[in-house]
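Trainee: Pasting in a structure now, in structure tokens, and then I'll have a few things to ask.
The values are calculated or read from the model by the stated rules, or taken from the named source; none is laboratory data. Just so we're clear, the structure is a prediction, and the values are computed from it rather than from any experiment. FYI the Cβ positions are ideal-geometry reconstructions off the backbone, even for glycines, and counts take in every protein chain you see.
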Amino acid sequence: MVLLRRFFHFCLIVALVALRDPAGASTGTPTLQLTAWNLQSSAKLDEGGETISTRGYKPEGWHPVTVPTTVLAALVENGVYPDPYYGLNLKSIPGYKEGRWLAMPKDSPFYVPWWYRTEVALPPEFRGKFLTLHLDGINYQANIWLNGKPIAASDEVVGMFRRFEFDITGICDSEGTNVLAVEVIAPGKMEATGFRTKQLEATTGWDDHNPQPPDLNMGIWEDVFVRATGPVQLAHPYVSTDLELPSMEKARLTVSIEATNLSDTTVEAVLSGRIEDIGFSKTIRLSPSETKEVAFSPEESPQLVVQSPRVWWPNPVGPQELYELVLEARIEGSLSDSQEIHFGVREATTYINNEGWRGYRVNGKNILIRGGAWMTSDMLLRFTEKRYEALIRYAKEANLNMLRSEGFSIRETDEFFDLCDRYGVMVTQQLFGRSIPDEDLAIACVKDTILRIRNHPSLVHFLGHDETFPTENLDKAYRELIAKYTPERTYQPHSGAFEVEDRFETGGTRTGTRELWTYATPLQYYVGKEDGAWGFAQSGGIGGVVSPYESMRRMMPKEMLWPPWTEGWSFHTVIQGGDYFDALLKNLEARYGRPDGIEDFCMKAQVMNYESARAMFEAYGRNKYRATGITTWKYDAAWPASPTWQYIDWNLMATGAYYGAKKACEPLHIQYSYDNDSVYVINGYYRDFENLVATAEIFDFDMKKRYSKSEQINVSADGKTKTFVIERNGSLSKSNFLRLTLTDTAGKPIAENFYWLSTVPDIPGEQGHKEGVFFTAPKSIADHTDLQKLAPITLASEYTVEDRGTEKAVQVTMKNPGPRLAFFVRLSVHKGAEGDEVTPTYWQENCFSLLPGEEKTVTGVLASEDLEGAEPFVRVAGWNVVEAE
């Protein structure tokens, strides 16, 4: 679906376009998107809605805005406040508070209501139709006025995660100008007492991920539109698929939709559906104002038994096949309303294994989950096509097969799910962060969420709350809603146990140990008793992830970047401040040497993040299916931050952790085990591979080969094969290097992997936290400080650029001409020789090393428009790699 949001583009008209229906489908029914509005604080107004919503009112001094937008986002765009994402600017915005908070200060400019106002002329196609006004996202309450008349009050329009619909047929002027005014009331009006929870209302709650925006995201954050239909209106189309397993030779489809009679007379309509060349229909009769769910079953419509269906699979194990459903209601042959959705045929479920852990199956086959926790992609809710596309495409490119949509921020949009459907990234949707006092409101929000997202094949599982149980009433309601509206999906009440023995109560998963949210060694997931690669972790991790220097310098002025932790740098981490990652900094200094500045720190951190992330995901691969999966904490970030936990940062730049994960999640992969020196080949495909050759080579610091061994192996479908155990001798230098390759018998490369190892072992020690600061006190730390002595190298390189429609493919060929190792080479494309790095760029591989004489060709793909008219310029840099003059 083409995204309809167009932030920062202020137009003076509204356009007639095809939009999604109130249940998330697109439709050919005439629909008027309301985008051009004006915004003003009620503190600056004397008039009320009965005046503001009339033609004669002049909104002088109001701010022009494009909806959807929160109040703060609109004011930033209008230049009222500086860019809140740079340096310490956010702290200068009135209403800002430190730390985690829920109650808005009464002197905040956002404590009072704010008005949105728009003037709309209906197109001729709307005349004689039944008209409904739709508001898909209001935060948090609203009074709504149209042409001087109230149509909804704030006790009715409440809750961020609900969509609202109002019949406005008798209020609109079909020939003149209509004026719509929405008075938005912010959340956070409770007393500012000590909270024992992180969420009290059905609204965003950012936990400790980033600061709370001062407006608490108040505003119209989703689409507003008017639909014009006949007497019968359609909503909430749904296709339930029952795939025959294991043959997958046929699928039974059940189609349902809600039909509502908007008129005051009884109507008879023909409701018909079409799925490609499959057609079905029935006649329905509706009393005045009646709503009825209409279903088409395979029993009454045998054509809904589809032979040899095209099946939806997660990436990379199969294609992402989608079908289109069109439903129409006609009265005496005239179209009253229509709906259109896409759906996938697949069976996705979860199970509890004999150790009490939750596992996943897709189309009858086990699948190892390796993914990340999804964070709402922008703190001010400025959602763009580019950001959604980049983040989900990055996941697909790395073969990360699941995102856990976190419950403290928004319930994700249809655009998010559309892209997950297309790229084959499964989704676990968390319902809330915590139980909220208004349980009826929570239930209404969850019902609406389920109705909106249930057609997406990428959606496979629901979590109740984050690190806590819902109340008994909420848990019961969640289960009943899922059973009624999408019984194909599974549910668990709690995101995961802190103590693994509690997994039987929480639903078969665990969360990360607190120490792993600051730093984890590559060894951790191989030897951890409570937090290693065993079972399912909803939010394990490697600790703090650092952005590349190119991204960090965009976050704040140069003087804030060094030393750790300046006020500005500490602010751009997590809300606890930079000291939260004290263990990360201490381990980095011990492992790689004390950084001499911010650029050196970023490079060393990229290396450390890479080795930890790769090892974490590899450990899950080696241990499948006693290890059933991990969605690491976390995948992305809602504002510029470093270190935090993101693999793709807010500037859409991939980190070293991302490239370590990408290497580990190759579907046919060779890897090293940090606990016992074994070498494994991991197969993520559902087919066998035979006559592969696994080779291991060890080089000392001077690149002299000290060990080599090869073995021919087979690996079964979705299986793993242990090849051999590496025999390490005592003559190795303190820093040494392991190269693994996987080829066919003719020597054709299939996969390769490169490790830097130390004769000084990692030996875990005490872990814990003191006064809110986490610490690790290992007995021994792998010593890679000699890597600082690697001689500088300039690689011989050249690149070509190929146009691919709206994208450019940059192919870079590099050769290491010298006798030394070129360590941790990082490629980047820039907007000309002096310009910024282009993000996103999807590199086939990055952050790799080249042995003496080795040559490698790598391709990166980027959007042509992101070059902003400049010629692409490739930089080849790295740990000891310097650019050519």
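Trainee: Please enumerate the residues belonging to region 514-538 that are within 19 Å of GLY371 (Cβ to Cβ) and either within 22 Å of the chain's Cα centre (by Cα) or among the β-branched types (Val, Ile, Thr) (or both).
Mentor: Selection gives LEU516, TRP517, PHE536, ALA537, GLN538.
Trainee: Now, a different point. Cβ-Cβ under 6 Å, sequence separation 6+ or interchain: first residue in region 787-808 and assigned by TED's automatic domain parsing to the domain that holds VAL838, partner part of a helix (DSSP H, G or I). Which pairs?
Mentor: THR806/SER864; LYS808/SER864
Trainee: Being under 25 Å from LEU523 (Cβ atoms), among the hydrophobic types (A, V, I, L, M, F, W, C) and either touching a helix residue (DSSP H, G or I) at 6+ places or on another chain (Cβ under 6 Å) or surrounded by 15 or more Cβ atoms within 10 Å (Cβ to Cβ) (or both) is the requirement here; does PHE701 meet it?
Mentor: yes
Trainee: Within region 99-126, how many residues turn out to be touching a residue at least 60 places away in the same chain (Cβ under 8 Å) and assigned to a loop (DSSP other than H, G, I, E, B)?
Mentor: Residues in region 99-126 being touching a residue at least 60 places away in the same chain (Cβ under 8 Å) and assigned to a loop (DSSP other than H, G, I, E, B): 15 in total.
Trainee: What pairs come up if the first residue lies in region 127-150 and is closer than 9 Å to PHE164 by Cβ, the second is hydroxyl-bearing (Ser, Thr, Tyr) and part of a strand (DSSP E or B), and their beta carbons are under 7 Å apart, counting only those six or more places apart or on different chains?
Mentor: Partner pairs satisfying both residue conditions: none exist.
Trainee: Also: What number goes with the only condition from (1) buried (at least 17 other Cβ atoms within 10 Å of the Cβ); (2) within 26 Å of GLU385 (Cβ to Cβ); (3) free of Cβ contacts under 8 Å to residues at least 60 places away in the same chain that TYR85 does not pass?
Mentor: Failing condition for TYR85: (3).
Trainee: Going through TYR526, TYR491, TYR478 one at a time, which residue ends up being over 30 Å from ASP783 (Cβ atoms), assigned to a helix (DSSP H, G or I) and of a type in the set (Ser, Thr, Tyr)?
Mentor: Matching residue, one of TYR526, TYR491, TYR478: TYR478.
Trainee: If you take the residues in region 351-404 that are in contact with a Ser or Thr (Cβ under 6 Å, 6 or more places away or on another chain) and of a type in the set (Lys, Arg), which one is surrounded by the fewest Cβ atoms within 10 Å (Cβ to Cβ)?
Mentor: Only one residue fits best here, namely ARG361.
Trainee: Moving on to the next point. Residue check: is PHE724 over 20 Å from PRO852 (Cα atoms) and aromatic (Phe, Trp, Tyr)?
Mentor: Against the criterion (over 20 Å from PRO852 (Cα atoms) and aromatic (Phe, Trp, Tyr)), PHE724 qualifies.
Trainee: Considering region 392-410 alone, what residues qualify as being in contact with a strand residue (DSSP E or B) (Cβ under 6 Å, 6 or more places away or on another chain) and either part of a strand (DSSP E or B) or more than 14 Å from SER458 (Cβ to Cβ) (or both)?
Mentor: Those that are in contact with a strand residue (DSSP E or B) (Cβ under 6 Å, 6 or more places away or on another chain) and either part of a strand (DSSP E or B) or more than 14 Å from SER458 (Cβ to Cβ) (or both): TYR394, GLU397, MET402, LEU403, ARG404, SER405, GLU406, GLY407.
Trainee: Would you check if there is a residue in region 616-629 being in a loop (DSSP other than H, G, I, E, B), at pLDDT 95 or above and of a type in the set (Gly, Ala, Ser)?
Mentor: no
Trainee: Name every residue in region 744-775 that is in contact with a Pro (Cβ under 8 Å, 6 or more places away or on another chain) and in contact (Cβ under 8 Å) with a residue 40 or more places away in the chain, in order of residue number.
Mentor: ASP762, PRO764
Trainee: Hey, another quick one. Considering only residues that are among the small types (Gly, Ala, Ser) and under 30 Å from PRO764 (Cα atoms), look in region 557-591 and name the one that is surrounded by the most Cβ atoms within 10 Å (Cβ to Cβ).
Mentor: Here the answer is ALA583.
Trainee: While we're looking at this one, here's another question. If you scan region 472-509, which residues turn out to be among the hydrophobic types (A, V, I, L, M, F, W, C) and either out of contact with any Ser or Thr (no Cβ under 7 Å at 6 or more places or on another chain) or farther than 28 Å from VAL239 by Cα (or both)?
Mentor: Hits for region 472-509 are ALA477, LEU481, ILE482, ALA483, ALA497, PHE498, VAL500, PHE504.
Trainee: Here are ARG510, ARG489, ARG594, ARG554: which of them is within 23 Å of TYR658 (Cα to Cα) and surrounded by fewer than 24 Cβ atoms within 10 Å (Cβ to Cβ)?
Mentor: Being within 23 Å of TYR658 (Cα to Cα) and surrounded by fewer than 24 Cβ atoms within 10 Å (Cβ to Cβ) holds for just one of ARG510, ARG489, ARG594, ARG554, which is ARG554.
Trainee: Here is a follow-up. Residues in region 304-320: is at least one touching a residue at least 60 places away in the same chain (Cβ under 8 Å) and either surrounded by 23 or more Cβ atoms within 10 Å (Cβ to Cβ) or of a type in the set (Lys, Arg) (or both)?
Mentor: yes
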